[in-house]
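What follows is a set of notes on a single structure, which appears directly below.
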Amino acid sequence: MKQIIAILLLTMFTSLAYTQPKRQMKKLEKEVEKAKAAHKASLEKNPMLPYTEIGAKLVPFHFINSKHELVSLNEIPSHEPIMLVFFNPMCDHCLDAAKEIKKHIQRFKNMTILYVTGINLLDELDAFKESAGVRDIPNFIVCGAKEEYTKQLFKGNGIPQFMFYNQKHILQHIDYKTFTVDTAMHYLQKQ
């Protein structure tokens, strides 16, 4: 008889131990569903996407070029696609990509190319432009940005980070580290 009671008690405790995590899991699942619904409702009220999501509009910006002049979105032709590139002036991949763009600059003639680095690297911009051979190309703008801007757009998955915006300044695609002219043209010319 004692064995039967012991088996019954053991079975009860086992089932209690099993149902407790199951209850917690159900509670967590309900909380997740509630959070998803709240997020969906907030997106319906405010359809603005995060700036790094495909389909997001380019955030207005104020950059500083190597001459310490302000460069803003208002100065970029509103009907031109934009290739925004986060880079480091001492990065070989970044320099190689800039040289590749220069080599095919005729294909980019009706677009704006914005190479953006941290504001603390402004002193390196002239040397970068010289090395890349882009000093005298008017639609190839090399500048620095304050951290609050780069925080909104730089994802940290590697540099250079290429962001392709169509002529309506809507984000079409993001690439990291490698650059091909054909990929750039494909996304820059998307409607």
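The set of residues in the stretch 61-116 that are part of a loop (DSSP other than H, G, I, E, B) and small (Gly, Ala, Ser) comprises Ser66, Ser78. For the stretch 177-191, the set of residues classified as exposed (fewer than 15 other Cβ atoms within 10 Å of the Cβ), part of a helix (DSSP H, G or I) and either free of Cβ contacts under 8 Å to residues at least 24 places away in the same chain or out of contact with any His (no Cβ under 8 Å at 6 or more places or on another chain) (or both) consists of Asp182, Thr183, His186, listed by residue number. Please verify whether the stretch 98-114 includes one or more residues that are farther than 15 Å from Val134 by Cα, charged (D, E, K, R) and exposed (fewer than 14 other Cβ atoms within 10 Å of the Cβ). No, that holds for no residue. I'd like the full set of residues that are touching a Pro at 6+ places or on another chain (Cβ under 9 Å) and either among the small types (Gly, Ala, Ser) or at pLDDT 90 or above (or both), limited to the stretch 41-73. Matches in the stretch 41-73: Ala56, Ser72. Only a single criterion out of (1) at pLDDT 55 or above; (2) part of a helix (DSSP H, G or I); (3) small (Gly, Ala, Ser) is not satisfied by Ala6, namely (1).
Can you find a residue that is hydrophobic (A, V, I, L, M, F, W, C) and either within 12 Å of the chain's Cα centre (by Cα) or farther than 23 Å from Ser72 by Cα (or both) anywhere in the stretch 134-151?
No, there is no match, as no residue in the stretch 134-151 is hydrophobic (A, V, I, L, M, F, W, C) and either within 12 Å of the chain's Cα centre (by Cα) or farther than 23 Å from Ser72 by Cα (or both).
Taking first residues from the stretch 63-84 that are on the phi > 0 side of the Ramachandran plot and partners that are at pLDDT 90 or above and part of a helix (DSSP H, G or I), the Cβ contacts under 9 Å between residues at least 6 apart in sequence or on separate chains come to His68/Leu122. Summed over the stretch 119-176, residues that are outside any helix (DSSP H, G or I), of a type in the set (Gly, Ala, Ser) and surrounded by fewer than 20 Cβ atoms within 10 Å (Cβ to Cβ) total 3.
The values are calculated or read from the model by the stated rules, or taken from the named source; none is laboratory data. Bear in mind the structure is a predicted one, so any value in this text is a computation, not a measurement. No Cβ is skipped: glycine too gets one built from the backbone with ideal geometry, and neighbour counts run over all protein chains shown.
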